[in-house]
Structures are given as structure tokens and as C-alpha cells.
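One structure is given below, encoded as C-alpha cells.
Derivation of every value follows stated rules applied to the coordinates shown; laboratory data play no part. Computed from a prediction, not measured in an experiment: that's the story for all the values here. No Cβ is skipped: glycine too gets one built from the backbone with ideal geometry, and neighbour counts run over all protein chains shown.
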Amino acid sequence: MTEPQPPAAPYGAVDPDPTPPHAQAAPPGAGEPPSSAPPGPPSGLANERGPRRRVASTAAVLALVGSLAGWGWFASENAREGWWEFGRHVAVEPGDDGWADVDTLSVRLTAADTATTIDGVEPPAGFEYLVLAFDVEATEVELYRSCTVEVLDTQGREFLAGREVPNGDPYTSELMCGTSDPEEDPVPGAQSVLVLVPTGAEPVSVRIDSREFPPATFVELPLRS
Amino acid sequence: MRRARWAVAGMAAVAVAVGGGANAVDSNYLASGWHTVVRGESATDVAAASFQVHVHGATASPHLDDDELVTSPGLFVLVDVSYATEDAWRTPEEIVLIDADGREFTQPSGFGSAGSPWLAGPDIWFRGGLLFEVPADAVADLTLEVRPERPNAQLPSTVVRVPLTVTTESSPLTLTYETLLAEGER
């Protein structure tokens, strides 16, 4: 006598649970008719790799941009330093009392007049002299020995004091901005310079500069018309 | 995913291409002195790089009167020129003569500051003579080149070139210092 067998599944029927529980996640297309195309990766894996690759791409781009920026910064070091140190970018303007201060130097414009003759000397036709007077105070010695004076006009031209002008007291070609011997050779409190300018030039400011000033710094004293 | 990979590869390729291009520019232009040439003529104002130049003419002689008579194995050339700046007082960095073969001649040494470039101001013109010494075979085709900025292989610049018509004399040339000109004079 044989034991009774369970009834055979009818032809075409699907086993209700043919796979172990850990493999129950059906691949895409499961239950669909088979096709020639290979099955794609599991959708869960795709969801994990997508963000990871985006992060990698972003990091690569950032590294590229950062390295290019660093290379540019390194390569342009001399140009940047030269542009800053040898240019005029920081204008020191006077306060309400008219004094402009750069470290231990204080300077004030006290007068600005034009002249067609200085001590009997006339400029060439088409030119005139600009007479500038300053009050100067230097509270520290051995600094700011001399300062150049230039007049800026509305056309952006800078006219240098002391060039092609009569020499002699009380005019100097540069301002004395410091001294190594304050007892014997003190900084004069009142100083004057002459500037040759074309007739008709419209000066807007006086610029005072010195090699010993901090980099890019100069004094700009506006001229009131 | 593949699009991101192509983007990174593309940017890397662009970076390499930019580097190669910069290297090519540096080799072919910057390292050999990249400059713009402004060509002018005698008796006219030529402006470039904040300088205004006006060439009057040039005279050549084998002799130079510099307190004592000096004789050159070639020729002394004295270029009569006026110039001013457009913005501030400064001296041109260099003024040279260039002949047909590209040879450059600077001011000879030993003659003091007379005959050398001088300081000029904004629209403040000076006229004077610039001294050169050249081989006799160079005088037929000479060009004056004014270089306002210091020649720098790494920086572009602008120069002024004016072809010269040189008059040859047997009498000695005389050096004089530059003179300030009245407004409108050259």
C-alpha cells in the first residue's frame, strides 16, 4: 500500500513560494514574459550609486576649480604685489581741520595760487606757475625724508612740482617730511613748492607721496576752486 | 552616471587644452617680447602708451664735437626729436635705432647725459637731439623706435616706430641739451 501523495499541481500553475525568503525581492520584469535584453541592475542599487557618483563628480569639479584658482593665484603673485605696492590705491584725505595724517607725518595745504612770474622768471608761452603752500609736522625723525608733490587736473594729468620752475627760497622741489637731525636741521613747519602747469588746466587735487609711505598709500588734498 | 563621467573628462580635457594654449602663447609671443608697434612719420605727432613723439629729422657724420673732436669708425647719428607724455612726468625707458637687418643701436656711452632720453611732462614738450653710433652701411635705412615702457618678455607693451631720412654731413655733430617748448611748438 502506498502512502497518499499530494495532488500534483496542475500544468502551468505557479508555485506560491518557490524561493527562499532572502531572495524574494523579484527583479524587474519578474513575472513578465522573458525578453532578449539583459535585465538591468536592481533598482535599489541604482538609487545608492547615483548620489555617490554625483558626489564624486562634484568633488572632482571642485578640486579642478580649486587647483586652477590656486595655480592662478600663485602665478600672479609678482603682478599682484607689484600692482599694489607700486600703485596708488589708498588715498589719505584731510580731516575737517584740513590735516592729513600718514603715520607720524601730518600735512595741510594752506594756499594755492597761480603766478605768471616768479622772481622775474616767466614760464614758456601757454604755461603758468602754481604756487602751493603747506604746513608740515613730522613727529618722528629719520622717516619720510622727502615727499614728492604732484597736482592732478580734470584730465587725469599729474604735474610734478619742482620741474622747469625757478629754484630758490622759499620754494623747494619736494617737501621735507622728516629729518635725521631735528636739532640742527628741523622739518620746516611752512613749506612751498612751484608747479608748472598749462594755462587752462583745471587742478582738482594735490598728491603727496613718498617712498617711505606704507605700500599704495598717498596723501590727496583737494583743491577748492 | 555616464554623463557625469563625460563632464569630468571634458573639463579635464579643457584644463589641459587651456594649459597647452597658454604655453604656446608664452613660447611664441610673451617670451619673445610681445609688443604692439605704432608706426608714424616724421613731422607728425605719434602717440602711444602715454607718450607723444614728433621726429624732425636726423643727421649723420663721422665726427662729433664733444669738447674735443671725436671720430667714429662708422657714423654718429643725431636724431632731432620732440616728445611729451599724456599723463605724468617720466622718461621713455629706451629709444633705439633699428636698421634694415634688424640690428638695434642704443646711445653710445661716454658722452654724458646730452644725447640721451630726457624727462618730459604731460603735454609739456621738450625738443633735443638723441645721439647714436652706427656702421656706415646701416645709415641708409634707419628707424627710430621709442619704447615708453621697460621691455619685459613677460608683459605686452607698445612701441612707436618712425622711419628716418638721414642727411649725411662731413662737419661734426654737436650735442645740446633738450629745451622746454612753448605751447603748440614741436
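Pick out, in residue order, every one of the trypsin sites (Lys or Arg not before Pro) in segment B:72-152 that is DSSP loop and has at most 14 other C-beta atoms within 10 Å; say none if there are none. Within segment B:72-152, the qualifying trypsin sites (Lys or Arg not before Pro) (loop, at most 14 other Cβ atoms within 10 Å) are B:Arg103.
Based on Cα contacts under 8 Å between residues 6+ apart, chain B shows a relative contact order of 29 percent. Just to be sure I understand: with springs between alpha-carbon atoms less than 10 Å apart, which residue in B:Thr158, B:Thr91, B:Thr36 has the highest mean-square fluctuation in the Gaussian network model of chain B? Ranking B:Thr158, B:Thr91, B:Thr36 by mean-square fluctuation puts B:Thr36 first. Of all DSSP bridge pairs formed entirely within segment A:65-209, close to 95 percent run antiparallel. Solvent-free Debye calculation, one equal scatterer per alpha-carbon of segment A:80-205: log10 I(q)/I(0) at 0.16, 0.18, 0.20 Å⁻¹ equals -0.88, -1.06, -1.22. Segment B:121-186 and segment A:195-224 have Cα centres spaced 31 Å apart. Projecting the Cα atoms of B:Ala58, B:Leu131, B:Pro148 onto the charge dipole of chain B, computed from C-beta unit charges around the Cα centre, puts B:Pro148 farthest toward the positive end.
Around the Cα centre of segment A:105-225, unit charges on the Cβ atoms of Lys, Arg, Asp and Glu (plus for the first two, minus for the last two) sum to a dipole of about 460 debye. Percent of Cα pairs in segment A:147-225 per distance bin of 5 Å, from zero to the largest separation: 3, 15, 20, 24, 20, 11, 5, 2, 1.
Taking chymotrypsin sites (Phe, Trp or Tyr not before Pro) across segment A:66-111, the ones in a DSSP loop with at most 15 further Cβ atoms lying within 10 angstrom of their Cβ are A:Phe86, A:Trp99. Here segment B:65-161 is treated as a sphere whose radius is the Kirkwood value from Cα pairs; by Stokes-Einstein at 4 °C and 1.567 mPa s it diffuses with a coefficient of 89 µm²/s.
Taken over the Cα atoms of segment B:15-111, the convex hull encloses 172 Å³ per residue.
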